[in-house]
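Since every read-out is calculated from the coordinates, none of them should be taken as a lab result. As the structure is a computational prediction, the values presented were derived from the model and not from experiment. Glycine also receives a Cβ, built like all others from the backbone with ideal geometry; neighbour counts cover every protein chain displayed.
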There are 2 protein chains.
Amino acid sequence: MSPEQKYVVGVDLGGTNLRLGLANRDGALVARWSCPTVGIRDPKLVVDLIRDGVDHLGRQASVPRRDIHSIGVGAPGITNVEAGVVIATSYLMGWRDVPLRDLLEAALGIPASVDNDVNVAAIGESWVGAAKGTRDFVFLAIGTGIGAGIVLDGRCFRGAGWTAGEVGYMLLPGTPEVPVGRGQPGQVEEMLGGNGVKSQWQLIWKADATTLPKDLTATEIFDQALLGDSLAIEILRRCAHILAQLIYNIALVLNCPLFVLGGGVGMHSGLRDETQRLLDQWGTRVQPRLALSSLGTDAQLMGAIRLALDIGQSQTAHPD
Amino acid sequence: MSPEQKYVVGVDLGGTNLRLGLANRDGALVARWSCPTVGIRDPKLVVDLIRDGVDHLGRQASVPRRDIHSIGVGAPGITNVEAGVVIATSYLMGWRDVPLRDLLEAALGIPASVDNDVNVAAIGESWVGAAKGTRDFVFLAIGTGIGAGIVLDGRCFRGAGWTAGEVGYMLLPGTPEVPVGRGQPGQVEEMLGGNGVKSQWQLIWKADATTLPKDLTATEIFDQALLGDSLAIEILRRCAHILAQLIYNIALVLNCPLFVLGGGVGMHSGLRDETQRLLDQWGTRVQPRLALSSLGTDAQLMGAIRLALDIGQSQTAHPD
């Protein structure tokens, strides 16, 4: 970064929203901008939106474009970080082999870096979040889908084909014996993802068993469990059991001492507490500590800012 | 290694046998020695045996002790490689926190290096075996117990507490919902380990269903499956299904393109072929290639030799 280039942009690109942050070289946010992306699938339109966002951020913070050093992006799909190519996203965007880095560099005239959104969130938590100072940990994003960002020895581990951490497809006691086909939600997602939790609730819901409505979100169900509804407690316990099994299996492979839980479903303290209780009860072979994401919905944004700051530097997950 | 120190010793230390190899600086074996270790638990006695073995090797190959540069050991338990301490072995040896490296260096007067036996086997396969030239792979040892040696980006990955790869305890469809307690065989070992395969056979064995005896080893059962016995085919299919689930789950986490199968049960080509068929049939999310160990029972010995050669050099799994 040259002395006059004092800023970077981080981008959290999702299937429903685009969120940008302008940060100084210490990583402190000085401006934010966001817009919906529902229905926008064409990569060129997405890049145009990002360019508009960068312009907005510059005006908002009175930072001229020439003072912006680089841009980092978390993309919702399998990403070849070396080539800067988004290999595949879910059906929402339907991308295949999109050279996002090149598109951004051509549109903005500054260096860009692209990575998978869950990996980027892990990098954010590693840098300034719940995993700060921990060299080995797993970030588990539990929302509609489920995925893991793996940091080993201070570096994000992405796998030989860039798909490490696809743990939403894991086979566990209680899942079908055979993996699901392509394009379908994973077995663990079907039970522990946002829609999975709702479906479980609706399956056991009976008007005479609870005073709660049949239509509740995963988070609302967990809230009601903490308030004492016995049917909601049943769902929370099931979900914690599945999450504990998932974490146990990952910990057997990686021997990671810390799991950071993020995403709309994963960040519920009731789920964390019950899952930790189960893991502790199961004994000492692997006893990972569970922490809630401390960055919340900003984990990806902060990780993307770290990506941008790292351009031209070594690619550690956090620089200390 | 000084110019006159032309040799290293590799040690495969097991619960039933101790095997030593003397190799030149290119890793070529010039002498072997072995002895039983049944009933020998005292670490000092084991070190005495190793010293005797080194003396035997020297006489056998007419190599004076001063020409031996270093010694590498694969130990049957959780090992802190940095400290050279065997943290815990199974009940066979019952070791807890044995400073094996220091004991060896004091007894032999040469530098020593110690690692877990499965990791050492993975290093052997990486260096001169079935995984040569592959930077990311998992070595699966399937014998009485089951464990994985994980090589990522050319380096053996051991985990924050030295227990990465304890996959014999994984929770899968069909296993109990809750992990087994300390000191018990893992859930996958109970089904896929040598004794587990025998138990499965004895459970479904009926005199009118097969002409084969009730008392067969895992390998004999797999052999008979390839010869067409329908009951043995049933066992082989069950084992392949469990192994495919185990590999699928590990591959979801690590995105490793290659699994090398070793150990008395794991090295059966019938098991490999049926497992590969299942993984291929399950589709394209993760499609690891399965290879049989090419070093067989020498994988640990060769890995231990590599450990010895690496002393004073950087600790890559293979040096190319």
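Whole number please: convex hull volume per residue of the Cα set in chain A, in Å³?
Normalising the Cα hull of chain A by residue number yields 136 Å³.
Under a Cβ-Cβ cut-off of 15 Å, what is the net charge of the residues other than residue B:212 that fall near it, where Lys and Arg count +1 and Asp and Glu count -1?
-3
Over the protein assembly as shown, consider all pairs of different Cα atoms and compute the Kirkwood hydrodynamic radius from their mean reciprocal separation; express it in Å, one decimal.
It works out to 26.4 Å.
With both bridge residues required to lie in chain A, what share of the DSSP beta bridges run antiparallel, to the nearest 5%?
60 percent
Whose Cβ in chain A comes nearest the axis that rotates A onto B, and by how many Å?
Residue with the nearest Cβ, plus whole-Å distance, for chain A: A:253, 3.
Could you work out the mean count of beta carbons from other protein chains within 10 Å of each residue's beta carbon in B:166-174?
Average neighbour count from other chains, rounded to a whole number: 6.
Relative contact order of chain A, please, whole-number percent, based on alpha carbon pairs below 8 angstrom and at least 6 residues apart.
The value is 21 percent.
What's the Kirkwood radius of the range A:132-294 in Å, using all Cα pairs?
Its Kirkwood hydrodynamic radius stands at 16.2 Å.
Along the range B:130-143, what does the Karplus equation 6.51 cos²θ - 1.76 cosθ + 1.60 (θ = phi - 60°) give for ³J(HN,Hα), rounded to whole Hz, x for Gly and Pro?
5, 10, 4, x, 9, 7, 10, 7, 10, 9, 9, 8, 10, x
Report the label-to-label distance for residue A:277 and residue A:207 in nanometres (one decimal), using points 7 Å from each Cα along the Cα→Cβ vector.
3.2 nm
Tally Lys and Arg at +1 and Asp and Glu at -1 over the other residues with C-beta under 11 Å from the C-beta of residue A:197: what net charge comes out?
-1
What is the angle, in °, between the Cα long axis of helix A:269-281 and the longest principal axis of the Cα atoms in chain A? Nearest 10 is fine, range 0 to 90.
Roughly 60 degrees between the two axes.
By how many degrees, 0 to 90 and rounded to 10, does the Cα axis of helix A:299-310 deviate from the longest principal axis of chain A?
30 degrees
Any chance you could list the semi-axes, whole Å, largest first, of the equivalent ellipsoid that the Cα gyration tensor gives for the range B:155-206, using √(5λ)?
Those come to 26, 13, 9 Å.
I'd like the distance separating the alpha-carbon centroids of the range B:177-242 and the range B:114-162, in whole Å.
That distance is 26 Å.
Just from its helices, what would the mean residue ellipticity at 222 nm be for chain B, if runs of 4 or more DSSP H residues each count -39500 (n - 2.57) and the sum is divided by every residue, rounded to the nearest 500 deg cm²/dmol?
Per the formula, -11500 deg cm²/dmol.
Just how far, in whole angstrom, is the range A:65-103 from the range B:7-24 if you go by their alpha carbon centroids?
50 Å
Relative to the longest principal axis of chain B, what angle (0 to 90°, nearest 10) does the C-alpha long axis of helix B:117-128 take?
That works out to roughly 80 degrees.
Using just the Cα positions, wrap the range A:221-312 in a convex hull and report its mean projected area in square nanometres, one decimal place.
Over all viewing directions, the range A:221-312 projects a mean Cα-hull area of 7.0 nm².
Just tell me how shielded B:101-112 is by partners: mean number of partner chain Cβ atoms within 10 Å of each residue's Cβ, no decimals.
Per-residue shielding by partner chains comes out at 0.
Where the label is 7 Å out from Cα toward Cβ, how close does residue B:209 come to the same position in every other copy, in nm, shortest first?
The projected label point of residue B:209 is separated from its counterparts by 3.7 nm.
Given label points at 7 Å from Cα along Cα→Cβ, what nm distances, shortest first, separate residue B:45 from the same residue in every other copy?
Ordered by distance, the counterparts are at 7.7 nm.
List, shortest first and in nm to one decimal, how far the label point of residue B:92 (7 Å from Cα along Cα→Cβ) is from its counterparts in the other copies.
With the label placed 7 Å along Cα→Cβ, residue B:92 yields 5.1 nm.
How many Cβ atoms of partner chains, on average, are near each residue of B:143-156 if near means within 10 Å of its Cβ?
For this peptide, the per-residue mean of nearby foreign Cβ atoms is 1.
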